[in-house]
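Read through the structure below, which is laid out as structure tokens, and then see the notes.
The values are calculated or read from the model by the stated rules, or taken from the named source; none is laboratory data. Everything quoted here is computed from the prediction, not taken from an experiment. Cβ placement follows ideal geometry from the backbone for every residue including glycine, while neighbour counts extend to all protein chains displayed. Side chains are part of the model used for accessible areas, which takes the heavy atoms of the whole protein and leaves out ligands, DNA and RNA. Shrake-Rupley method; radii C 1.70, N 1.55, O 1.52, S 1.80 Å.
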Amino acid sequence: MKKYSFLAIACVIMLALFSACKSGADHRALIITGQNNHNWKVTTPIFKVLLEQTGIFSVDVAVSPDKGGDMNKFTPKFSNYEVIVLNYSGDSWSEKTKSEFIEFVKNGGGVVVVHAADNSFPDWPAYSEMIGLGWGRTEKDGPFVYFKGDKMVIDTTAGPSGGHGERQEFTVRTRNTQHPITKGLPPRWMHGKDELYSKLRGPAKNMEILATAFAPPGKGGTGRDEPILIVTNYGKGRIFHTVLGHGDVDGGPAIQCAGFIVTLQRGTEWAATGQVTQKVPYDFPTAAGTSLRVNYQEMTLEDDLIKIGGYDITKSTKYFVDLQSRIRAEGTTPEKRQQFEHFMIELLENKAATDEGKKLILRELSWMGSDLSIPVITKLLQNPALKDDAKFALARLQPTK
Ligand code: ZN
């Protein structure tokens, strides 16, 4: 008994030390919500977890009165925070709250605008300036802004702003690979099924579009490269605006997308501090396919191998590409490579895994495998669907035979 309680205490101390070492959670973020034409009760706790899992934020939530309620009662203490994350589209705030928000941003406070938050406050010019572009604006607020090819277009045509075609997966194109938020991201990556916001307009002052996506006319789109990630400056404040993140009842692919998650985490850090210290994780999507996180956690090697085990040649090669880049990045010692090899051998032995998945693994083992793989590959010579790939792998693993 004594031994166990000692162990328990040791564990608690270790955990405390670990959190102290991590020590990063020293940036304070406030999520504002309470009204939204999306299910904010589902998305808000998810956003909170996503920001906290960076280890650098402590996150509070301020919930406004319901629609039609007394907004004079909504008085968040902005100045207690470094960054305000807006998961809000709804009634106007009181004049007092609005002017405190303006002061906060002018003095260097950060703001993050997520998805429908850019529908908010069309009659509040300072807010339109902060978000750069939004829905519900007209020519009196500023031009439409989008890309055509490599050029940004400022379009002063009259008309209302905001819209989207049918929900779809789409390729996000990184336009600036040197900005702290987008540095190290692939030039093109597939986003999980989401609304592709289009026809945004606004003051577009002190604004840069960091990423765009083409809205295909065949799916109700504009045929333009629409802004996806936007940064602006307002006074000393930094604003990060992501149009991504349409939340379904259960979250859904738009916010499970590692691309949405990582840009939200990085954008929030940049808005708070002007820098980004977070690494781009290996499961960030590429042009090869989307990368959706189960339970909003970064994918592990095991998750990847499960996906490869169910590999379907007609679908994405994303998980295999991930495995390869992971082996190249992390397999720097013989021990580490052997660990990868063990995982792959298990997959070859797994009866539930598809032949197509096993073929990919055989190809990978043919160059990075060792004697360890030879018995299991030899067995696969008996499998008519895999014997050619097995023979090829063996020939490369045993060149002298
Ligand atoms: Zn939406």
Item checked: Karplus-derived HN-Hα couplings along the range 125-135 (A = 6.51, B = -1.76, C = 1.60, θ = phi - 60°), whole Hz, x at Gly and Pro -> x, 4, 5, 4, 5, 5, 7, x, 9, x, 8
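Could you tally the net charge around D248, taking each other residue with its Cβ under 13 Å from the Cβ of D248, Lys/Arg +1 and Asp/Glu -1?
Numbers: positive: K41, R167, K193; negative: D194, E195, D250.
Residues close to D248 contribute a combined charge of 0.
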Notebook entry, point to check: Among F121, N36, Y319, which residue has its Cα positioned farthest towards the positive end of the charge dipole of the chain, with +1 placed on the Cβ of Lys and Arg, -1 on the Cβ of Asp and Glu, and the dipole taken about the Cα centre?
Noted result: Y319
Check: Could you give the dipole magnitude of the range 300-397 about its Cα centre, charging the beta-carbon of Lys and Arg +1 and that of Asp and Glu -1, in debye to the nearest 20?
Finding: 280
Margin query: With the alpha-carbon atoms as the only input, what is the per residue convex hull volume for the range 17-111 in Å³?
Written below: 94
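Counting alpha carbon pairs within less than 8 Å and at least 6 residues apart, what relative contact order, in whole percent, applies to the chain?
With pairs under 8 Å counted, the relative contact order is 12 percent.
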Next item on the list: Sort the range 105-264 into rounded, prolate or oblate with this rule: let a ≥ b ≥ c be the square roots of the eigenvalues of the Cα gyration tensor; rounded if a/c is under 1.5, and if a/c is not under 1.5, prolate when a/b is larger than b/c, oblate otherwise.
Entry: rounded
Item checked: Accessible carbon and sulfur surface of the range 103-219 relative to its total accessible area, %, 1.4 Å -> 52
Item checked: Solvent-accessible heavy-atom area per residue, rounded to whole Å², over the chain at 1.4 Å -> 46
Note to self: Using only Cα atoms and rounding to the nearest 10 degrees, what angle (0 to 90) does helix 355-368 make with the longest principal axis of the chain?
What the structure shows: 80
Check: How much of the accessible area of the range 290-397, in percent, comes from carbon and sulfur atoms when a 1.4 Å probe is used?
Finding: 54
Check: What shape does the range 246-373 take by its C-alpha gyration tensor, where a ≥ b ≥ c are the square roots of the eigenvalues and a/c under 1.5 counts as rounded, a/b above b/c as prolate, and the rest as oblate?
Finding: oblate
Check: Shape of the range 300-397 from its Cα gyration tensor (a ≥ b ≥ c, root eigenvalues): rounded if a/c is under 1.5, otherwise prolate when a/b > b/c, or oblate?
Finding: oblate
Next item on the list: Only Lys, Arg, Asp and Glu count, each charged at its Cβ (+1, +1, -1, -1), so figure out the dipole size of the chain about its Cα centre, rounded to 20 debye.
Entry: 680
Notebook entry, point to check: Which value in Å is the Kirkwood Rh of the chain over different Cα pairs?
Noted result: 23.4
